[in-house]
Amino acid sequence: MTAIYSFHGGIHPEEHKTESSSSPIQTAPLPRFLILPVSQHIGAPAKPVVCVGQRVLKGERIAHADGPLSTAVHASSSGYVTAIEPHLIAHPSGLSDTCIIIETDGHDEALPASSHPNWRSYELGELLELIRDQGIAGLGGAGFPSAYKLNNDNIQTLIINGAECEPYITADDRLMRERSELLEQGIAILQHITGASEVLIAIEDNKPEAIEAVRAACEHQDWTVVTIPTKYPSGGEKQLIELLTGQQVPGGGIPADLGIVCQNVATAAAIAQAVIEGQPLISRITTLTGGCVANKGNYEVRLGTPIEYLLKHSGYSLEQSQKVIMGGPLMGFTLPSLDVPVVKTTSCILAPSKTELASEACTQACIRCGHCAEVCPASLLPQQLYWYAKSQNHEQLKAHNLADCIECGACAYVCPSALPLVQFYRAAKAEIKEKSIEQRQAEIAKNRFEARQARLERDATEREATRAARKAEAKTKAKQDSRYADETDPVQAAIERAKAKKARLQQSGEANSVSNTLEELKAKLERAKFGLEHAHASGKEEKVLTALAASVGRLESLLASEQAKQAQAQESSE
Amino acid sequence: MMLQQVSAPHLRAGQSTEEIMLRVLLALVPGIIAMAHFFGAGVFTNIIGACIAAVLCESLCLRLRDRPLLLYLKDYSAVVTAVLLALALPPYSPWWLITIGTVAAIALAKHVFGGLGSNPFNPAMVGYVVLLISFPVQMTQWTAPSSLAANPGVWDSVLAMIGSEAYDAVTMATPLDLLKQNDGFMVSALWQQYPQFGRFSGVGWEWINLAFLAGGVWLLQQKIFTWHAPVGMLAVLGLMSALFYDGGSSSSGGSPLFHWLSGATMLGAFFIVTDPVSGATSNLGRLIFGALVGLLVYCIRVWGSYPDAVAFAVLLMNFAAPFIDYYTQPKPYGYQARDADK
């Protein structure tokens, strides 16, 4: 049995888990349109590889991973791509992002899956590539590309996160209860990839059935299923690590610095599906709950399913509703519209009734009660951060480690004055980030300006130096020349040289000069072509490309006409 | 349909500022009853007078500062300040004394600095000290406990409050005064000589302090504040009095029990030192804050020129609170281990 440590602070909000955890996972129906954002993960957006009008099959890759910190996107049913355009996505600020929109044809025709049952014989790189190309990103909430996280050869401990500490959400709970074997396979793959010698599976003690199921499935393995006390936010990566190992991830560092990697249970199961069955990530388990949802429970939802469609299917009463939250009640955000799709990180859709959650309380003055500091899992001083955020004192915010705030909301939860603390911190973080970007840009511009200034000065002095040198040379020459002044006049000599050259040219005839122009034109064309290619390669603007292409064309026609002229001249001379 | 856009978290714990204040008021009830039992209806006239003055003064200040009246009045902070001040005043204080103290507490100590949450000093203690320095005679006339002299009735208390000369209460030196002015008597002899002394400290005072202690313990159990500041104060006060007890000789400062159960010790430890606004923030900071208050209380009581010292000690430490905060900042997650390594 692993010793249980503890982490600072934390809260015990009402759990509200039984509403959705009692019924088995249902499959959500197929919507008419699927909206698949290319950016459902942290990192570079996936690059679309389909075009509008193309028919796609279920499981077909429609956007591939762009770089290592990225992951692919797949069609979650068969149908036709009707658009690739910006569409409203699930984002707290109501942003739009590129989405691939598929009109489903109802056949749900799947691409034949290529399973990899003998994955143990695969090389590490192959497995990681497979995970990336199957579109696996952290399903716990952040959506971090799993392959990137797993690509580390300094791992001794693998932590499987089944804490699910947010109230209302029971997606991982049901997954552990119903798909413990798949989970076991996924953990085995993760252990194989990371080479971890120790595997800890952490589950909060409010999920006894899940603990039982996972214990039974992992009995033959030498892993440890650790029952952790129910306390929010024990499922936070850093908090969970401290809870299980007593160690803290160093400030500014990552768990791998301690030889630890964390993966969510749903991610582990998705990896098993992706590797063993060859099925990419096209659906996830999402909890639908809250007072406005009649059929509360967990649903296997295709990624891209519009939330409105999903809610209607689960008996959502629109009239009663006033806000819909994606994620849990503590860290989730209210949706700007229901026309946004379910994505890889959608663990829960919470449609509370009017009285269910905290109402818009009037904020009062901070009375410095210090409850916020007592519950802060990052051991920060939320109250001081609040004052400094309010006065935009960025220096002090940095000194008080605002960057280490995980935005769990425990401080605002306990605040007797109902201050929207997390909102202040988020805004301050954004301000600081913006400022640092501005600063960096200003620095670059400054450096560039200074370099240019230095170059100009250098050029000027060089020019001055050569001019002086030439002057001196001319002076000495003039002195020398003046000695023989009576013998030859230099100006006269130059005029004579020019005359001689002209005569020579006239002698060699016109043909020569024509071939000279031809040579010149050819060289010019060559240069223009090279310029155009280069511009293509470096991805210049459309305008530049067309201008370059036009100049190449012009040169080509000029060259052709010159060549024709020459041929004519030759013919006539013959 | 318009969907509401609210920032996370969408859940909140039940406890609001007004609930905290109401619980503090409730926790004061046993102490108030004990005081009324020993000193009569004058305790109530003090409280009522102070509350009326406080609400009026708070309303006026809010109006002047252009703040919503009802929202701020219903946080009950003015009432808490008024009750704490009223309990510190001698029973049967005249209305003008009460009013001056309350105005000093609410307007000067709180609103001048920006209202609740921004006051660097404990408002009730500022009010008390302003009165103590300005009107030392009125402020040091404590009524005799009911067991030693009959307390005036309700009507007499009202007369006393409106400043009528018709009533003159029987006042007596408090046990803290007696111990302070003692020269030449052993502690046990002092006890025999004056009827004001009870079992451990003064007659009545020991019960009043125990009642405030009970209220404070209930607040602790309700998690309104942490144990750090009260325990720090009581521990150091006890330690100091144990160190200088001197076997009960004529130069003794009094026993730990005497100090714990005398004057405003328990009221201070659980209702004044625990004021979050003017105290230290972190738990370690609160412990230090409380301990230093305890140290100052003892020093002023025994070697200073005032018999009781909670108000001065608290105000002096209010000065030091930001300083304590600065040096007791907790290490955030991820920086704790690194320092331990060093």
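The values are calculated or read from the model by the stated rules, or taken from the named source; none is laboratory data. Given the structure is predicted, the values throughout are model-derived calculations rather than measurements. Quick reminder, even Gly has a Cβ in these numbers, built from the backbone with ideal geometry, and neighbours come from all protein chains shown.
Couple of notes before you dig in:
- Yes/no for residue A:378 being within 11 Å of another protein chain (Cβ to nearest Cβ), surrounded by fewer than 22 Cβ atoms within 10 Å (Cβ to Cβ) and in a loop (DSSP other than H, G, I, E, B): no
- Of the listed requirements (1) more than 27 Å from the chain's Cα centre (by Cα); (2) facing another protein chain (nearest Cβ under 10 Å); (3) surrounded by fewer than 17 Cβ atoms within 10 Å (Cβ to Cβ), residue A:456 misses just one: (2).
- Residue check, residue A:282 crowded, with 21+ Cβ neighbours inside 10 Å, aliphatic (A, V, I, L, M) and more than 12 Å from chain B (Cβ to nearest Cβ): yes
- All conditions but one from (1) over 17 Å from residue A:346 (Cβ atoms); (2) part of a strand (DSSP E or B) apply to residue A:286; the one that does not is (1).
- Checked against the criterion of being outside any loop (DSSP other than H, G, I, E, B) and at pLDDT below 90, the stretch A:46-57 contains not a single residue that satisfies it.
- Taken over the stretch A:336-355, the criterion of being at the interface with another protein chain (Cβ under 9 Å from one of its Cβ atoms) and either over 33 Å from the mean Cα position of the chain (by Cα) or surrounded by 24 or more Cβ atoms within 10 Å (Cβ to Cβ) (or both) is satisfied by A:350, A:352.
- The set of residues in the stretch A:296-335 being in a loop (DSSP other than H, G, I, E, B), modelled with pLDDT of 90 or more and more than 14 Å from chain B (Cβ to nearest Cβ) consists of A:296, A:303, A:304, A:305.
- Every residue from the stretch A:1-38 that is out of contact with any Phe, Trp or Tyr (no Cβ under 8 Å at 6 or more places or on another chain) and buried (at least 20 other Cβ atoms within 10 Å of the Cβ): A:9, A:21, A:34, A:35, A:36, A:37, A:38
- Any pair with Cβ under 6 angstrom, 6 or more apart, that starts in the stretch B:308-321 at a residue that is outside the structural domain of residue B:85 (by TED's automatic domain parsing) and ends at one that is among the basic types (Lys, Arg): B:309/B:301
- Of all residues in the stretch A:99-131 being of a type outside the set (A, V, I, L, M, F, W, C) and within 22 Å of residue A:30 (Cα to Cα), the one that is surrounded by the most Cβ atoms within 10 Å (Cβ to Cβ): A:104
- Qualifying residue in the stretch A:45-58 (condition: buried (at least 18 other Cβ atoms within 10 Å of the Cβ), of a type in the set (D, E, K, R) and in contact (Cβ under 8 Å) with a residue 12 or more places away in the chain): yes
- Unique residue being away from every other protein chain (no Cβ under 14 Å) and assigned to a loop (DSSP other than H, G, I, E, B) when the list is B:276, B:230, B:195: B:195
- Residue match in the stretch A:494-506 (condition: on the phi < 0 side of the Ramachandran plot, of a type in the set (A, V, I, L, M, F, W, C), at pLDDT below 70 and not in a loop (DSSP other than H, G, I, E, B)): no
- Candidate set: the stretch B:1-35, residues that are touching a residue at least 60 places away in the same chain (Cβ under 8 Å) and at the interface with chain A (Cβ under 8 Å from one of its Cβ atoms); chosen: the one farthest from the chain's Cα centre (by Cα): B:17
- Here residue A:254 passes the criteria (1) among the hydrophobic types (A, V, I, L, M, F, W, C); (2) surrounded by fewer than 24 Cβ atoms within 10 Å (Cβ to Cβ); (3) within 23 Å of residue A:406 (Cα to Cα); (4) in contact (Cβ under 8 Å) with a residue 40 or more places away in the chain except the one numbered (4).
- Residue match in the stretch B:313-325 (condition: modelled with pLDDT under 90 and away from chain A (no Cβ under 14 Å)): no
- For the stretch B:93-116, the condition holds for no residue, the condition being that it is touching a Ser or Thr at 6+ places or on another chain (Cβ under 7 Å), more than 24 Å from residue B:321 (Cα to Cα), in the same structural domain as residue B:151 (by TED's automatic domain parsing) and β-branched (Val, Ile, Thr).
- Put simply, of B:89, B:108, B:62 the only residue that is within 14 Å of chain A (Cβ to nearest Cβ) and modelled with pLDDT under 95 is B:62.
- Of all residues making up the stretch A:384-432, the number that are assigned to a loop (DSSP other than H, G, I, E, B) and either within 12 Å of chain B (Cβ to nearest Cβ) or among the acidic types (Asp, Glu) (or both): 13
- Of the residues B:286, B:301, the single one that is buried (at least 24 other Cβ atoms within 10 Å of the Cβ), under 20 Å from residue B:131 (Cβ atoms) and of a type in the set (Lys, Arg) is B:301.
- Among the residues listed as B:149, B:211, B:173, the single one being modelled with pLDDT of 80 or more and small (Gly, Ala, Ser): B:211
- Scanning the stretch A:67-90 for residues that are surrounded by 16 or more Cβ atoms within 10 Å (Cβ to Cβ) and assigned to a loop (DSSP other than H, G, I, E, B) yields A:69, A:70, A:71, A:72, A:75, A:76, A:77, A:78, A:89, A:90.
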